Each structure stands twice: as structure tokens, then as C-alpha cells.
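Chemist: Before anything else, here's the structure in question.
The values are calculated or read from the model by the stated rules, or taken from the named source; none is laboratory data. Note that this is a predicted model, so its numbers are computed, not measured. Note: ideal-geometry Cβ built from the backbone for every residue, glycine included; neighbour counts use all protein chains shown.
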Amino acid sequence: MNYTFSKGLLLVILIVFIGGGIFVWLYFVGPSKEKEVEEIIEGETKKEISTEVATIQTSVKTLDPKVLQLIQQEVDKGHQSWKKDPLLVAQTEGLEYGFQSTDEFILISKQFAEYAGTWLADVKAKHGDKSYIIQLIQPVKIGEGGIWTINSIRVKKAKDKTANWKIYRNEKYGFEIKYPPEYRVSPETTTKVAPAIKADSYAQIIFRDLTGFFTEEEIENMKNNSEKMKMGSLEMFKSSLGGNRDGGIELSIAILDQPEKGMYFNILFSTHQPGREGEIDIFNQMLSTFRFIEIEKTANWKTYENETLKFLTEKIGFVMKYPSNWNYTTIGKYTPQVFFGPRNTIEDLNAGRSVNDKSLGIMISAYDKILYERSILPHRKSNEYLSITSSSTTVDGISGIKYTSEYLVSKAGYQKGDKTITLDLKFSDGYLSIHLFNDQNLDLFQQMLSTFRFAE
């Protein structure tokens, strides 16, 4: 009995002791609630005045159509009326993608896109040192009462400073480089590779073939003791040669690994006068345009520069070479398509005469994101007359999907077993589609793709 009482008393004392300890710690030792609140407020204040520029997320999430319907119903009842203003929607929903309330937003276009069946709006947003185009659509109701939502976000590309520069092209050694108007190609050939490109009397660029000039050991030393540079797919090695006898500066750019060209290539930049250090910036811009080219089979081909295909109102900048005995034509008003093929086939197409698809070469089309996903993509993936396989592909750095279609039956001029190929290249606001009508022209198709270049 006494033992039971003592045990109970001991338990009560223990509880009081522990509880008292916790009380003392909370109110005399531990952090107070007021201090926690102060820290949170201070943290929020620091976050608001932070000068760090957030990264913009350009991948736009897809909203559930049912959710959009419910939002539209609430707006129809008079709630959240700001959702009917594309500019306000861009400013508000843009916060989810990294934009800030202090960023500049300007509505630059608002138009009805007949092919997409909806109104489209473009808002230009300035964030940090970059500009973005936010495209918005009306996903539920069309017109003044319809809500808007973000459809895509893309970086507005800076103007290419070399756009109006001239191009020097060397067919023998297979390279090309752009140069500014104040530079000229010298009539004198200073090396066996190419003429120098000069700016009056104060700067010049010389091209040299270093094959056999250095030993393999010297080449490795050059790699190890030079500044590595990456220009597109080319790895370059930059080294300063110090000053020259005229008091200027000299830089050497070595492209050392070009086994398919059978040579080591060198670009030498030199200023003949002191105080011309600013020319280095020009040289670096020129260097960024340098590239090796395939000349064996496409040297005499013609060049197509796109002036027709667009995503909404923005032209897609690209150039491509095509065989000299081919021609091209553009067909279609709202969604134009550019057809390439033998001259007589294109003439028949322009005259409205019947043309077998197999006799055509390729077709290039541009589709807005909405139109492509609603109307084009389902046919890419499934067709009762075709066996379709897909794989990833890349054209001049732009990724996409390659669809190979084999006819299961004879249809529309094609025989059973005939194949076509379609490349759908994905951009932030649409798809560029390149279609080969007959895989018997596959080698020609690949040569044309090798010349495909998108504008920077």
C-alpha cells in the first residue's frame, strides 16, 4: 500500500519537474513568438528589396479545360473581371513564371486568328536585360467576355549585329565568314588558302593552313597553353602573339582538329597600329560567323531565304540550299506551304495541273502551336493506311520529332511499301515541318538539311 502511494507520488513529482522545465525554457530561454514574427517579416522585407533577377520559365503549363470552364463561369458572374484583359493576365499570371510586378508589360498586338479559331494577344515584357513575348489566347469564350490565359512565352531575340554584313566564301577550303562593310577582301592573296580581309590599313585577317607546319607534340602544347573557345560546333584555341613591329596586336586562332578537311586551320588577326584594341570586338563578332561548309555536292546549288512562313506575325528566319535544277513555289494564304521539286513538276503545280506527290521533292510548313496540336499532331501519330514510326531529330540545333511513314496499301499515287519522312521541329510558339514526299530522294534530302541554317 505504501509502496503504491510512493510510486504515484514519485510520478506526480516527475511530471511537475518536466513541465516546469519546459515552462522555464519556453519563457526564459527559448525563442519568443515575437522574435519569430520579427524574423519572418525581416526575411520578407529582404526578399522584396532583393536585386537578384529571377530566371524566366518559358515552358508553359497546360490548364485543365474543366478548370478553365469554371473560371469562365465565375467571370461571367462578375468575379475576377481582370481575367478579361490580356495585359492584366500577362502581368498577374506572369508572376508564376518568374516575372516581377515591377517589370514593364506592353500589349503589342491583339487579333483574331481565323486558322486557330480564337483571339490571340502578344504582350512584350521587359525582365532584367531581356525582352520576352507572352502570347495569350481565349480558351473558352471568344470575344469581349472571354477569359485570357498564357499560351506561350519566348525570348525576343536581340537584333543580329552581323545581319547586313557581307559573306566571304571559300569553295576550295570549304569555309565562310562574315565581315563588316568597312572591311574588304584584299585583291592580293597573302597565303595559299585565301585573300586577307582588311580594314583599310589598320587591321587584317589572314587564313592559313598549318598542315605539316607543326609536329604533333607542338600541337598538343598549343592546345594546353591556349585559351579554349567554342564557336558553334567548332573548338578553337586562342593565343596572343604579343605586339608586332608596327606596335599593334596579334591574335592567333587555331582550329586544330579537322581530320575530314585533312588540315589544321589557323586564323590570324593583326592590327598595324597601336590603340586599335577595339577592333578585337569586331574580330570576335566575325569569328562567331566562321563555319566550315560542305562544298562537294552543294557548291552550285541555289539558296532559298524564307520570306513567307511565319508563326502568327513573326517570320521564321532560315536559309536552305536546293539543287540547281529544282525550283520552288508557295501555295496557301492562311497557312502557306513552300514546295521544292524538279522544275517541270513545280511548273505543273503553278499551272494547276495534276501532280503526283511522289514527283515532288520536299514541302516546308509552319504551324501555330494550337493548330498543330489540335489538327496536325493526331494525323502524325495514327493513320489507317500507314505504319508510322518516330524518333528524335535535330536540324541546325533545333530539336524535333522525325516521323517515317510506310504505306500499307497503294493509295494517292503511292505504292505499298513506299515511304515518306516528316520532321517536326519544335519552337516555343509553333512547329516548323519539313516533309520528304519520296524516300528515294533521301540522300538529296539529307544534303539539303545539311545546308539548313536558322537565323540567330
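Chemist: Kindly list, by first and then second residue, each pair from a residue in segment 58-86 that is among the small types (Gly, Ala, Ser) to a residue that is outside any loop (DSSP other than H, G, I, E, B) and surrounded by 16 or more Cβ atoms within 10 Å (Cβ to Cβ), limited to pairs with Cβ atoms under 9 Å and residues at least 6 apart or on different chains.
Modeler: Between residues of segment 58-86 that are among the small types (Gly, Ala, Ser) and residues that are outside any loop (DSSP other than H, G, I, E, B) and surrounded by 16 or more Cβ atoms within 10 Å (Cβ to Cβ), the close pairs are Ser59/Tyr97; Ser59/Ile153; Ser81/Val75.
Chemist: Right, another one. If you go through segment 326-345, how many residues are surrounded by fewer than 16 Cβ atoms within 10 Å (Cβ to Cβ) and either free of Cβ contacts under 8 Å to residues at least 40 places away in the same chain or in a strand (DSSP E or B) (or both)?
Modeler: 9
Chemist: Restricting attention to segment 318-325, does a residue exist that is in contact (Cβ under 8 Å) with a residue 12 or more places away in the chain, surrounded by 15 or more Cβ atoms within 10 Å (Cβ to Cβ), at negative phi and part of a loop (DSSP other than H, G, I, E, B)?
Modeler: Yes, there is a match, as at least one residue in segment 318-325 is in contact (Cβ under 8 Å) with a residue 12 or more places away in the chain, surrounded by 15 or more Cβ atoms within 10 Å (Cβ to Cβ), at negative phi and part of a loop (DSSP other than H, G, I, E, B).
Chemist: Suppose we filter segment 217-251 for residues that are among the charged types (D, E, K, R) and at pLDDT below 70; how many remain?
Modeler: Final tally of qualifying residues: 4.
Chemist: Hey, another quick one. Does Gly94 satisfy the condition of being out of contact with any Leu (no Cβ under 7 Å at 6 or more places or on another chain), more than 30 Å from Ile197 (Cα to Cα) and in a helix (DSSP H, G or I)?
Modeler: Spelling it out, Gly94 is indeed out of contact with any Leu (no Cβ under 7 Å at 6 or more places or on another chain), more than 30 Å from Ile197 (Cα to Cα) and in a helix (DSSP H, G or I).
Chemist: From (1) out of contact with any strand residue (DSSP E or B) (no Cβ under 7 Å at 6 or more places or on another chain); (2) at pLDDT 90 or above; (3) not basic (Lys, Arg), pick out the condition that doesn't hold for Gly332.
Modeler: Here Gly332 meets the rest and fails (2).
Chemist: Please note which strands (runs of 3 or more DSSP E) are completely contained in segment 112-177 and include at least 2 residues that are outside the structural domain of Tyr431 (by TED's automatic domain parsing) and either aromatic (Phe, Trp, Tyr) or farther than 30 Å from Lys198 by Cα (or both).
Modeler: Ranges flagged: 118-127, 130-137, 149-155.
Chemist: Go through (1) of a type in the set (Ser, Thr, Tyr); (2) over 25 Å from the mean Cα position of the chain (by Cα); (3) surrounded by 19 or more Cβ atoms within 10 Å (Cβ to Cβ) one by one and return the number of the condition Ser382 breaks.
Modeler: (3)
Chemist: Could you run through segment 118-158 and say how many residues are loosely packed, with under 13 Cβ neighbours inside 10 Å, in contact with a Lys or Arg (Cβ under 9 Å, 6 or more places away or on another chain) and among the small types (Gly, Ala, Ser)?
Modeler: So the count comes out to 1.
Chemist: Something else now. Kindly provide the set of residues from segment 108-143 that are among the aromatic types (Phe, Trp, Tyr) and in contact (Cβ under 8 Å) with a residue 60 or more places away in the chain, ordered by number.
Modeler: Tyr115, Tyr132 - these are the residues of segment 108-143 that are among the aromatic types (Phe, Trp, Tyr) and in contact (Cβ under 8 Å) with a residue 60 or more places away in the chain.
Chemist: Take the conditions without any contact (Cβ under 8 Å) to a residue 12 or more places away in the chain and in the same structural domain as Ile142 (by TED's automatic domain parsing) and apply them to Ser101. Does it pass?
Modeler: Yes; evaluated as a whole, the condition is true for this residue.
Chemist: Moving on. Tell me, yes or no, whether segment 351-359 has at least one residue that is farther than 19 Å from Leu436 by Cβ, in contact with a helix residue (DSSP H, G or I) (Cβ under 9 Å, 6 or more places away or on another chain) and not assigned by TED's automatic domain parsing to the domain that holds Leu120.
Modeler: Within segment 351-359, one or more residues are farther than 19 Å from Leu436 by Cβ, in contact with a helix residue (DSSP H, G or I) (Cβ under 9 Å, 6 or more places away or on another chain) and not assigned by TED's automatic domain parsing to the domain that holds Leu120.
Chemist: Here's something else I'd like to know. Name the residues in segment 77-90 that are in a helix (DSSP H, G or I) and out of contact with any Gly (no Cβ under 7 Å at 6 or more places or on another chain), would you?
Modeler: Ser81, Trp82, Lys83, Pro86, Leu87, Leu88, Val89, Ala90
Chemist: When only residues in segment 408-438 that are crowded, with 16+ Cβ neighbours inside 10 Å and charged (D, E, K, R) count, which is nearest to Lys302 (Cα to Cα)?
Modeler: Here the residue is Asp424.
Chemist: Given Thr308, Thr335, which one is among the polar types (S, T, N, Q), in contact with an Asp or Glu (Cβ under 9 Å, 6 or more places away or on another chain) and closer than 18 Å to Leu425 by Cβ?
Modeler: Only one candidate qualifies: Thr335.
Chemist: Name the residues in segment 417-448 that are farther than 22 Å from Leu377 by Cα and in a helix (DSSP H, G or I), would you?
Modeler: Gln440, Asn441, Leu442, Asp443, Leu444, Phe445, Gln446, Gln447, Met448
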